[in-house]
DNA sequence: TGACAAAGGAGAATAATTCTCCTTTAATAG
DNA sequence: CTATTAAAGGAGAATTATTCTCCTTTGTCA
């Protein structure tokens, strides 16, 4: 559950940013963003669509996708899984981490020993069986930033 | 580049595991697995297919997908992006980590302060601009393990 | 309030992945 | 070493997730 105050705060930020970016603050956009801002379940676009339909039954799935993309590009939203476009495989079964370029989606291995050990300061939810923990170092690779792009 | 010795070692493990699991060690499977075991670029199924086609031009893309899945289920392979099936969104722009159930794909937030700070013991490749680093705590959630499943 | 660019809706198009169904092959018992 | 058979492979259809196109509607700002 997200506290009401946080939602209000996020909606305010949303409207401000829309203003700054010259994005029209349409009814649809506000409802879509509120669906996202009031969820902590990291919903899929489809789930957002279902939620939004309760308020705007005529909403189009395409509109939801289009705005999710717009919001993400504007930095109003984050993708939990940057590499979701297509499956990426790893035959290295040892413990290691990943360096990920958010632009070109290249992934490089980072040996386990190159990162300080991860420890938890609070126990995990009851019953969760932790198997491994992997660090994603996200940024822009030399090629991508070098390209002036 | 993966050292030849590592590739050989991985191929041995592969054949042993196939034996144990009752998986036929077909020509196609060996070539597919070798393509994976000799790459450190975390290829997509499509890329594996292209690679394998050099040796087996008649290979079918379906076969590549089928085996990638088989290998993954057998623990011979890992998915870099467990959540690749579909986009997952996050309107929480603050620094935080994720607890991910590898079975049901549920994602929960873990506050930044609940994990010891991540520090690098070796510098990143030249020119890589680190933006943030996020920890994925992977395991099985209470519901999924409770289900006896 | 009107003009216009930006946004929305419907559905087609594309991309990634899985499925179906028939043929071929690896494993193994004799 | 061969015959049997279940498992695996191939081709292409089907499904799912996502994007695009094209026309209509609506915020925004003068």
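Here, each number is a calculation from the coordinates, and none is a lab measurement. As the structure is a prediction and not an experimental result, all values here were calculated from the model. With ideal geometry, Cβ positions are generated from the backbone for all residues, glycine too; neighbour counts draw on all protein chains shown.
See the values below:
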| read-out | value |
| --- | --- |
| Rounded D (µm²/s) - the protein assembly as shown, Kirkwood Rh over Cα pairs, Stokes-Einstein at 25 °C, 0.890 mPa s | 115 |
| Position residue A:93, label points 7 Å along Cα→Cβ, spacing to each other copy in nm (shortest first, one decimal) | 4.3 |
| Copy-to-copy label separations for residue A:119, where each label sits 7 Å from Cα toward Cβ, in nm and ascending | 1.3 |
| Value of relative contact order over segment A:17-91, rounded to a whole percent, pairs C-alpha under 8 Å and six or more apart | 24 |
| Gyration tensor over alpha-carbon atoms, segment A:8-47, equivalent ellipsoid semi-axes in Å | 19, 12, 8 |
| Along principal axes, Cα extents of segment B:51-96, largest first, whole Å | 49, 21, 14 |
| Nearest 10 degrees, 0 to 90: helix B:61-73 Cα axis against chain B principal axis | 60 |
| Convex hull volume per residue in cubic angstrom - Cα atoms of segment A:13-97 | 125 |
| Helix-only [θ]222 nm of chain A, DSSP H runs n ≥ 4, -39500 (n - 2.57) each, per residue, nearest 500 | -12000 deg cm²/dmol |
| Of B:127, B:22, B:139, the one that fluctuates the most in a GNM where chain B has Cα springs shorter than 10 Å | B:127 |
| Contact order relative to length of chain A, as percent, for alpha carbon pairs under 8 angstrom and 6 or more apart | 16 |
| At 7 Å out from Cα toward Cβ: residue B:72 inter-copy label distances (nm, ascending) | 1.8 |
| For segment A:12-60 versus segment A:107-135, the gap between their alpha-carbon centres in whole angstrom | 33 |
| Principal axes of chain A: Cα extent on each, largest first, Å | 50, 47, 26 |
